[in-house]
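Enquirer: One structure is given below, represented as structure tokens, and several questions about it will come after.
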Amino acid sequence: MKIRLSGERYEEIKQIITNLFIECKISCVPISGFEIATKLGVKVIPYSSIPLKNRYLLHKKSEDGFSIEKTKGEWYIYYNDEKGYGRVNNTIMHEIGHIVLDHSEESQLAEKEVNFFAKYALAPPPLIHKLELDSAIDIATRFEISYEAAGYALSYYNKWLRYGESDFTNYELCILNLFKDVI
């Protein structure tokens, strides 16, 4: 069965992302998961820093990365640094989504939420619009995300255009204000 988020939940996640940008003073592109993690106090650890004899355990857990709370409120994100920057940054933002959305267990619903979180946070449609980007390659280049992620961002941007771009929401206006120096 395909999991769908409600329109209300999508709106909540977009507002959470906007609040995160405000809290972390994010105002330039490309949007860096590393910067946000650092500002949140999350430790970001590359797989290559783990002794080779133990590294297979990380790959067994995930080929891309994962987050773990070691003590109350002390978060770590482990990521596979053999992947390209766009993929790594998406993984970091994905894991930030788990932390910020307070997911306590793995589920299809949690994955749906954080996949949307990462897509929206790394290439917000209002910024794509104001920067006048109209192709996946332009989005990938400007936001330094993978071509695959840029394709998803472009698809979402086109839906955004079709269903409501004419009236920016308060959080979209806030994002545009935060990033006013780059648009």
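Just so you know, all these numbers are worked out from the coordinates, no wet-lab data involved. These numbers come from a predicted model, not from an experiment. Glycine also receives a Cβ, built like all others from the backbone with ideal geometry; neighbour counts cover every protein chain displayed.
Enquirer: Determine the dipole magnitude for region 74-117: charges of +1 sit on the beta-carbon of Lys and Arg, -1 on that of Asp and Glu, nothing else is charged, the reference point is the Cα centre, and the result goes in debye to the nearest 20.
Expert: Magnitude of the dipole: close to 260 debye.
Enquirer: With everything on Cα atoms, drop me the angle between helix 7-24 and the longest principal axis of the chain, reported from 0 to 90° to the nearest 10.
Expert: Here the helix axis deviates by roughly 70 degrees.
Enquirer: Could you compute the net charge surrounding Ser146? Neighbours are other residues with a C-beta less than 10 Å from the C-beta of Ser146; K and R count +1, D and E count -1.
Expert: Charge balance in the 10 Å sphere: 0.
Enquirer: Next question, about the same structure. Which percent, to the nearest 5, of DSSP beta bridges fully inside the chain are antiparallel?
Expert: Of the beta bridges lying entirely in the chain, close to 60 percent run antiparallel.
Enquirer: Fully extended, how many nm does the chain gain between Asp81 and Lys2 (0.36 nm per residue separation, minus their Cα-Cα distance)?
Expert: Here the segment from Asp81 to Lys2 would lengthen by 25.3 nm.
Enquirer: I want the local charge near Asn80. Using Cβ-Cβ distances under 10 Å, sum +1 for each Lys or Arg and -1 for each Asp or Glu among the other residues.
Expert: -1
Enquirer: Could I ask something else about it? Suppose R0 equals 25 Å. What FRET efficiency, 1/(1 + (r/R0)^6) with r the Cβ-Cβ distance, do Asn177 and Ser155 give to the nearest 0.05?
Expert: Calculated value: 0.45.
Enquirer: Then there's this: Quick one: putting +1 on the C-beta of Lys and Arg, -1 on the C-beta of Asp and Glu, what dipole do you get for the chain around its Cα centre, in Debye to the nearest 20?
Expert: Value, rounded to 20: 400 debye.
Enquirer: Cβ under 11 Å from Ile175's Cβ, Ile175 left aside: what net charge do those residues give with Lys, Arg +1 and Asp, Glu -1?
Expert: +2
Enquirer: Once phi is turned into ³J(HN,Hα) by the Karplus curve 6.51 cos²θ - 1.76 cosθ + 1.60 with θ = phi - 60°, what whole-Hz value does each residue of region 57-70 show in order, with x for glycine and proline?
Expert: 5, 5, 5, 5, 5, 6, 6, 9, x, 7, 10, 8, 9, 7
Enquirer: Report the one residue of Gly33, Thr141, Val88 whose Cα lies farthest in the direction of the positive end of the charge dipole of region 1-145 (charges on C-beta: Lys and Arg +1, Asp and Glu -1; origin at the Cα centre).
Expert: In region 1-145, that residue is Val88.
Enquirer: In addition: May I ask which residue of Ile77, Val114, Leu173 lies farthest towards the positive end of the charge dipole of the chain, with charges of +1 (Lys, Arg) and -1 (Asp, Glu) on Cβ and the Cα centre as origin?
Expert: Going by the Cα projections, it comes out as Ile77.
Enquirer: Additional query: Hey, what do the phi angles of region 86-99 turn into as Karplus ³J(HN,Hα) couplings, whole Hz, using 6.51/-1.76/1.60 and θ = phi - 60°, x for Gly and Pro?
Expert: Coupling constants for region 86-99: x, 5, 5, 4, 5, 4, 4, 5, 4, 5, 4, x, 4, 5 Hz.
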